[in-house]
Amino acid sequence: MSGAPVAPRLRIALLSESPADEAALRVLVEFVLGEPFTAVPPSLRARGWPSVEQVLPSVIRHLHFNTAADGLVVVVDSDDSPVHQPEHEAPGYHHPYCRVCRLRAVFRRATKNLPPSHGRSRVLRAVGLCVPALEAWLLCGRDTSVTEAAWTEGQAAGRPPYTRRELKWRVYGTERPSLPHEVKRAVQEVSRHRGDVRRLENDFPQGFGVLARDLRGWREPAAAAPDR
């Protein structure tokens, strides 16, 4: 007897600031979706926040016209920029310095007038923000002092609870890790969550949480509607 039909494996491209970020994302995206996916390479690589924002329109167009990718995941560090907030989710709202708002705006502009291609109207988007950097996510569940709330409260008070350099030391044992060591440690740390990302969503609700909600929405019919 044949069982229930199995949904096809999603084809997903990842765009981030570094190979270590991408390695961690591969694990986390699979954990959020609860299923493996097929990786689709983007047309360009980015190194750092300005580069991600700059190459994103070209990556979107390439994936739309030249691949059968279902979606694109983009994750960047917040650094010292404002952290995404619930009020930013209001229809038509755009914070000019929030990187989540800015990346979503790039998606809207880049996909607004694209004709259907490869059997879908557009490439789905998922955007996340590491507050203040990927290493904070890597420490989740191991260092309780590292949370999104701690960072935003310190940022508002003008006294950050830790620096990005300190986070690197806590994860890698050095502020200048080699790329192989950086990738290895990133995968080791995110793999601790073993498919259960609730702690990450709780400790980083506006950076990791928005990413998780975007990804889970891909399987919903509403995902076929245009972004706000």
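Among the residues of the range 10-60, those identified as part of a loop (DSSP other than H, G, I, E, B), in contact with a strand residue (DSSP E or B) (Cβ under 9 Å, 6 or more places away or on another chain) and modelled with pLDDT of 90 or more are 10, 16, 17, 37, 40. Taking the range 103-121 as the range and being crowded, with 21+ Cβ neighbours inside 10 Å and outside any helix (DSSP H, G or I) as the test, no residue passes. Residues in the range 142-161 that are assigned to a loop (DSSP other than H, G, I, E, B) and either touching a strand residue (DSSP E or B) at 6+ places or on another chain (Cβ under 6 Å) or exposed (fewer than 14 other Cβ atoms within 10 Å of the Cβ) (or both): 142, 144, 145, 158, 159. Quick check on my filter: what residues within the range 162-184 are buried (at least 16 other Cβ atoms within 10 Å of the Cβ) and within 19 Å of residue 203 (Cβ to Cβ)? Correct list: 162, 164, 167, 168, 170, 171.
Would the range 219-226 turn up any residue that is in a helix (DSSP H, G or I), under 20 Å from residue 77 (Cβ atoms) and free of Cβ contacts under 8 Å to residues at least 24 places away in the same chain?
Step one: of the range 219-226, the residues in a helix (DSSP H, G or I) are 221-224.
Checking the rest, the ones that are also under 20 Å from residue 77 (Cβ atoms) come to none.
Checked against the condition, which is being in a helix (DSSP H, G or I), under 20 Å from residue 77 (Cβ atoms) and free of Cβ contacts under 8 Å to residues at least 24 places away in the same chain, the range 219-226 yields no hits at all.
The test for being within 29 Å of residue 105 (Cα to Cα) and either touching a strand residue (DSSP E or B) at 6+ places or on another chain (Cβ under 6 Å) or assigned to a helix (DSSP H, G or I) (or both) does not hold for residue 167. So, in the range 61-85, how many residues would count as being within 29 Å of residue 149 (Cα to Cα), out of contact with any Pro (no Cβ under 9 Å at 6 or more places or on another chain) and not in a loop (DSSP other than H, G, I, E, B)? Selection size over the range 61-85: 4.
Against the condition surrounded by fewer than 19 Cβ atoms within 10 Å (Cβ to Cβ), out of contact with any Leu (no Cβ under 9 Å at 6 or more places or on another chain), touching a residue at least 40 places away in the same chain (Cβ under 8 Å) and small (Gly, Ala, Ser), how does residue 92 come out, does it pass? Yes: the conditions hold for residue 92. The single residue among 55, 100 that is buried (at least 21 other Cβ atoms within 10 Å of the Cβ) and either touching a residue at least 40 places away in the same chain (Cβ under 8 Å) or under 15 Å from the mean Cα position of the chain (by Cα) (or both) turns out to be 100.
The values are calculated or read from the model by the stated rules, or taken from the named source; none is laboratory data. Since we're looking at a predicted model, the values are computed, not measured. Methodologically, a virtual Cβ is constructed for each residue, glycine included, from the backbone with ideal geometry; neighbour enumeration extends over all protein chains shown.
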